[in-house]
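Visitor: Before anything else, here's the structure in question.
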Amino acid sequence: MKKQNLIIALFFGMVASISAQNKTYHKSNAGIKGGYNLAAVNYDGQGETGQRHGFHVGVYGEEFISPNFSIQPELMYSQQGYEIKDSNGTFTQKLNYINLPVMLKAYPSKNFFLEAGPQIGLAISHKEEYNGFISSSQEYDPNNFDWGLNFGGGFKTDSGISLGVRYHLGLGDLYDSGQAHNRVWQFSVGFDL
């Protein structure tokens, strides 16, 4: 928990230190983005599972509220979940979400941005896969609703192409029993339309 508070404090400290001398005005825009996911689950604060590889794709709109700050709502399809491997084989929980992040973006320079904001998500499908000698009759029924916070940064060219990395810190419980929270690294490419 201390690490999370430190990350939040550092982000807002950097945002607060942005110089007002940057007079470059950005234009509000909309676009499409997509990329690669590395998803896992943190169980009871004891550590993370293995990662599920997936992708995300969606649309965004970026509205500038000042020369250096914008608000960017997004509507994204995201493949999430986790893997657990042992000597008997691999269990994979596949979770697919429709996510709605709303990001506050800060531009400390013309082409570099930092971002943070809340996200809600709705699981639209889930599937368990067993490979190897693992056998189980147990069915997992994850909660449909997820929520959490996102933190990230990246670069955006003058032509509207952006490269970004984002970390999703899930705060909603994945299952009714125990504390299991989504953790997702996203690596994105975006294109303003």
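No value in this document is a laboratory result; all are computed from the given coordinates. Here the structure is a predicted model, which is why all the values come from computation and not from measurement. Cβ sites come from the backbone with ideal geometry, for glycine too, and all protein chains shown count toward neighbours.
Visitor: Would you calculate the separation in nanometres between label points at Glu63 and Gln179, each defined as 7 Å from the Cα along the Cα-to-beta-carbon direction?
Guide: Spacing of the two 7 Å Cα→Cβ label points: 3.6 nm.
Visitor: Could you work out the local net charge near Leu38, counting Lys and Arg as +1, Asp and Glu as -1, over the other residues with Cβ closer than 10 Å to its Cβ?
Guide: Local charge sum for Leu38: +2.
Visitor: OK, next. Percent relative contact order of the stretch 29-192, based on C-alpha pairs within less than 8 angstrom and at least six residues apart?
Guide: Rounded, it is 23 percent for the stretch 29-192.
Visitor: Calculate the FRET efficiency for Val102 and Leu122 from the Cβ-Cβ distance with a Förster distance of 22 Å, rounded to the nearest 0.05.
Guide: Efficiency computed from Cβ-Cβ geometry: 0.90.
Visitor: While we're on this one: Tell me, Kirkwood radius of the stretch 61-172 from alpha-carbon pair distances, in Å?
Guide: Hydrodynamic radius (Kirkwood, Cα only) of the stretch 61-172 equals 16.2 Å.
Visitor: Given a Förster distance of 41 Å, report the FRET efficiency between Asn144 and Ser87 from their Cβ-Cβ distance, rounded to the nearest 0.05.
Guide: 0.80
Visitor: Measure off 7 Å from each Cα along the Cα-to-Cβ vector at Gln46 and Glu129, then give the distance between these two points in nanometres to one decimal.
Guide: Once both label points are built, they end up 2.6 nm from each other.
Visitor: Would you please give the residues with an amide H less than 5 Å from that of Gln51, counting only those at least 5 places away or on a separate chain, with H modeled from the backbone geometry?
Guide: Amide H neighbours of Gln51, under 5 Å, 5+ apart: Glu83.
Visitor: Could you tell me the calculated FRET efficiency between Ser159 and His53, based on Cβ-Cβ distance and R0 = 22 angstrom, to the nearest 0.05? Each step should come with its number before you reach the end.
Guide: Values: r = 30 Å, r/R0 = 1.35.
After rounding, the FRET efficiency stands at 0.15.
Visitor: Which whole-angstrom value gives the distance between the alpha carbon centres of the stretch 106-184 and the stretch 70-89?
Guide: 5 Å
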